[in-house]
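Right, one structure below, let's go through it.
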Amino acid sequence: MKSKELSVDLRDRIVSRHKSGEGNRKISAALKFPMSTVATIICKWKKFETTRTLPRASRPSKLSEGRRTLVREVTKNPMVTVSKLQRSSVEIGEPSIRTTISAAIHQSGLFGRVARRKPLLSKRHMAARLEFAKRHLKDSQTMRNKILWSDETKIELFGVNARLHVWRKPGTTHHQGNTIPTVKHGGNIMLWRCFSAAGIGRLVRIKGKMTTAMYRDILDENLLQSALDLRLGQRFIFQQDNDLKHTAKISNEWLQDNSLNVLEWPRQSPDLNPIEHLWRDLKMAVHRRFPSNLMELERCCKEEWAKLAKDRCAKLVASYSKRLESVITAKGASTEY
């Protein structure tokens, strides 16, 4: 509980005794006040030449008592809205306007930001990611340069996905409570492509819903040729995620028939794949051209894909070790990538 403020008369008595030459200890013993209180009052008198209470710099927050309750609510649920917090302030007996609530939360180091969309990770996923990162962290760059990275993505013709704001502290962007879990689903135009440190491989549009047979045909018609074009040699390593079509029997049979070395990949781990940044580069370049239909969108994608620089590919593969380190630091949880 906050102690009661000393009256002006008592403060004047302390200063009067100080002026007469008494020390802080003697004043404390005579008036029965703590030495710290005596010292504070004398220090204030020396600085401001008054013992009166000075006016505050600004109006005190209405949430001085209830702020902790609201901050606890925001910490427990980062996606709570200001409207909900305003209703809570009424329930705790301190009704406040939205700006007052926001200012009080800001004082606690929490700020409204757009929640990032991240794959939903279970404890088993995080354990597998951590084990994978530790196992491959010491792989040589020469070996990483032999990896042919692959993935599929959707590219939308118009618009962007809806945003959701969360309350979070700086540096907590990728904490699981501050992100939106996502799963893969169909889109306006679906693409498959691959790349390595040596440059880009082939880009293929997937028409309709991709089946296991379609995926096998994509590999048969594009994978080996891409590896040949990039001069990866016969002992290159193929990376793919754990989509059911990728791990299906006929897909595995094709990989085995062609004697391919497949990188064992942890589930829900797009942040480990440097190809994700190439997807972002491609989408930004395509949307700057404002395609008006799906055929134009496909053409723009192929043209912009062909423009991606080799040194960009090499730098992304070189960042793979940092991705592994981030997973280890996060103990398998979501990372900044």
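The values are calculated or read from the model by the stated rules, or taken from the named source; none is laboratory data. Note that the structure is predicted; figures quoted are calculated from it, not measured. Reconstructed Cβ throughout: ideal geometry from the backbone, glycine too, with neighbour counts over all protein chains shown. Surface areas here come from the heavy atoms of the whole protein model, side chains and all, with no ligands, DNA or RNA. Shrake-Rupley method; radii C 1.70, N 1.55, O 1.52, S 1.80 Å.
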Practice problem: Subtracting the Cα-Cα distance from 0.36 nm times the residue separation, let me have the gained length for Ile92 to Ala29 in nm, one decimal. | Solution: 18.4 nm
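Can you tell me, using C-alpha contacts under 8 Å and at least 6 residues apart, the relative contact order of the range 203-271 as a whole percent?
On the way: 47 pairs, mean separation 25.7, N = 69.
After rounding, I find 37 percent.
In square angstrom, what is the accessible area per residue of the chain with a 1.4 angstrom probe?
Ligands and nucleic acids excluded, the result is 60 Å² per residue.
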Quiz item: Counting pairs on different chains as well as pairs 8 or more places apart, how many Lys pairs in the range 157-312 have Cα atoms under 26 Å apart?
Solution: 21
Self-check item: Lys, Arg +1 and Asp, Glu -1 on Cβ, resulting dipole of the chain about Cα centre, debye, nearest 20
Solution: 1960 debye
Self-check item: Calculated [θ] (222 nm, deg cm²/dmol) that DSSP helices of n ≥ 4 give over the chain, each run adding -39,500 (n - 2.57)
Solution: -13000 deg cm²/dmol
Practice problem: For the chain, give the percent of accessible area contributed by carbon and sulfur heavy atoms, probe 1.4 Å, rounded to a whole number. | Solution: 53 percent
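I'd like the trypsin sites (Lys or Arg not before Pro) in the range 1-49 restricted to DSSP loop residues with at most 14 other Cβ atoms within 10 Å, sorted by number. The partial results should precede the final answer.
Details: sites: Lys2, Lys4, Arg11, Arg13, Arg17, Lys19, Arg25, Lys26, Lys32, Lys44, Lys46, Lys47; in loops: Lys2, Lys4, Lys32.
When the trypsin sites (Lys or Arg not before Pro) of the range 1-49 are filtered for loop state and at most 14 Cβ neighbours within 10 Å, Lys2, Lys4, Lys32 remain.
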Quiz item: Taking GluC sites (Glu not before Pro) that fall in a DSSP loop and have at most 14 other Cβ atoms within 10 Å as cut points, what is the longest piece of the chain between them?
Solution: 157-263
Exercise. Order the following by accessible area, largest value first: Asp271, Asp220. Probe radius 1.4 Å; ligands, DNA and RNA are ignored.
Key: Asp220, Asp271
Quiz prompt | Where Rh is the Kirkwood radius over Cα pairs, Rg/Rh for the chain | solution = 1.24
Quiz item: What's the lysine pair count for the range 27-150 at a Cα cut-off below 23 Å, pairs eight or more apart or interchain?
Solution: 11
